[in-house]
Amino acid sequence: MIFISNKKRLIVILFLVIFGILLFSVTKIYEKRLISKDNVEVINSYAPFKKVKSFKKENTERYIRYYEKNKELSYEDVVTHVNIGLDYGFYSYIKSSDIRKDNLVLVNKYLRLDKHYEPNDLEEISNEYFINGNQNTKMLKKEAKIMFERLSHDSIENKTPVYGQSGYRSYEKQESIYSNAIKQTSKEKADSDTARPGHSEHQTGLTIDVSSTKSGNMLNFENTPSFRWMQNNSYKYGFILRYPKGKENIHGFIYESWHYRYVGIKVAKDMHDNYPDLTFDEYYYKFIDK
Ligand SMILES: [Zn+2]
């Protein structure tokens, strides 16, 4: 090459460039043929999912596989379910909760909080609005605490009292509750009643179990007028029923009429007015997770 003339060198370079362009074009054409011949079926099968707003490209194959087993579901529901992680079993596809979402953080059987996570603005609920016992679990994050006290105050005035029974719980506290539950029943039963440590919403400081009496009757809450008052009013204070009836396959727990989650008034009202059938897990993946 050193001894060849400039003219010849130019010809060689030109030749290499043309050869490169040709090779690139042939590869592209070949790729296109592969898609149009062998993969047309695959592309057709994921096309409807692509139209769903919360479609995630990396989940494409999972949508198709989940749909094959759940053909009664709409494409939108398939996308939501897979985004939640329902195509895997509970606790078998675990990621970290996004605590930057603040009041809208999602904690469930797929998303967990760090062992050391503790809200930095926990405050005690006034005794006036809390049952007589359980004094070590009466904290909530400041905003949730203010709104819960307002809720409780108004419910008492309406003669349908709602008192806090169990608010913030640390990771360690949940660890002991969960291991006791296993000892008393079985792992399977414990998992439907109690969250594993790190997976409890109570660790967010945004969740509270409630009762209609000062002595605490949380497990019977559903049968009281206070429960009906909560159904019609809790959203006005930013609280939602977190584990509704008939949605156990989504949230993974038993129906809990006493367990409320603070999400702020805007989202609680939107869920109440426009999406009463969605659990927070579904709502999160449709509207909050970006
Ligand atoms: Zn609870």
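Laboratory data are not the source of any read-out in this text; all were calculated from the coordinates shown. All values reported here derive from a predicted model rather than from experimental measurement. Backbone-built Cβ (ideal geometry, glycine too); neighbour counts: all protein chains shown.
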Checklist entry - Which of the peptides 139-147, 48-56, 231-239 is most tightly packed, and how do the rest follow, going by the mean number of other Cβ atoms within 10 Å of each residue? => result 139-147, 231-239, 48-56
Item to check | Candidates I131, I64, I21: whichever shows maximal mean-square fluctuation once the chain is modelled as a Gaussian network with Cα springs under 10 Å | outcome: I21
Checklist entry - Which of the helices in the chain meet the span-like rule: DSSP H, Cα axial reach of 30 Å or more, Kyte-Doolittle mean at least -1.0? => result 6-37
Next on the checklist: What translational diffusion coefficient, to the nearest whole µm²/s, does the range 151-290 have by Stokes-Einstein, given a Kirkwood radius computed over alpha-carbon pairs, a temperature of 20 °C and 1.002 mPa s viscosity?
Outcome noted: 137 µm²/s
Next on the checklist: Below 8 Å, C-alpha to C-alpha, sequence gap of six or more: please give me the relative contact order for the chain in percent.
Outcome noted: 16 percent
Checklist entry - How much length is gained if the chain between S192 and N44 is pulled fully straight, taking 0.36 nm per residue apart and subtracting their Cα-Cα distance, in nm to one decimal? => result 49.4 nm
Next on the checklist: Per DSSP helix of 4 or more residues, -39500 (n - 2.57); summed, then divided by the residues of the chain. What does that give at 222 nm, rounded to the nearest 500?
Outcome noted: -13500 deg cm²/dmol
Checklist outcome for this item: The exposure ranking of S176, S211, fewest beta-carbon neighbours within 10 Å first, is S176, S211
Checklist outcome for this item: Beyond 28 Å (Cα-Cα) in this structure, taken from K50/K236; K71/K115; K53/K269; K57/K269; K115/K236; K142/K236, we find K50/K236; K71/K115; K57/K269; K115/K236
Item to check | Shape of the chain, Cα gyration tensor, a/c cut at 1.5 | outcome: prolate
Checklist entry - Which lysines, on any chain, are close to K183 with Cα under 19 Å apart, when same-chain ones fewer than 8 places away are left out? => result K173
Next on the checklist: Among S257, Y110, V78, which residue has its Cα furthest toward the positive end of the charge dipole of the chain, with +1 on Lys/Arg Cβ and -1 on Asp/Glu Cβ?
Outcome noted: V78
Checklist entry - Of all DSSP beta bridges located in the range 106-288, what percent are antiparallel, nearest 5? => result 95 percent
Item to check | Interchain or long-range residues, amide H under 5 Å from G205's placed H | outcome: R169
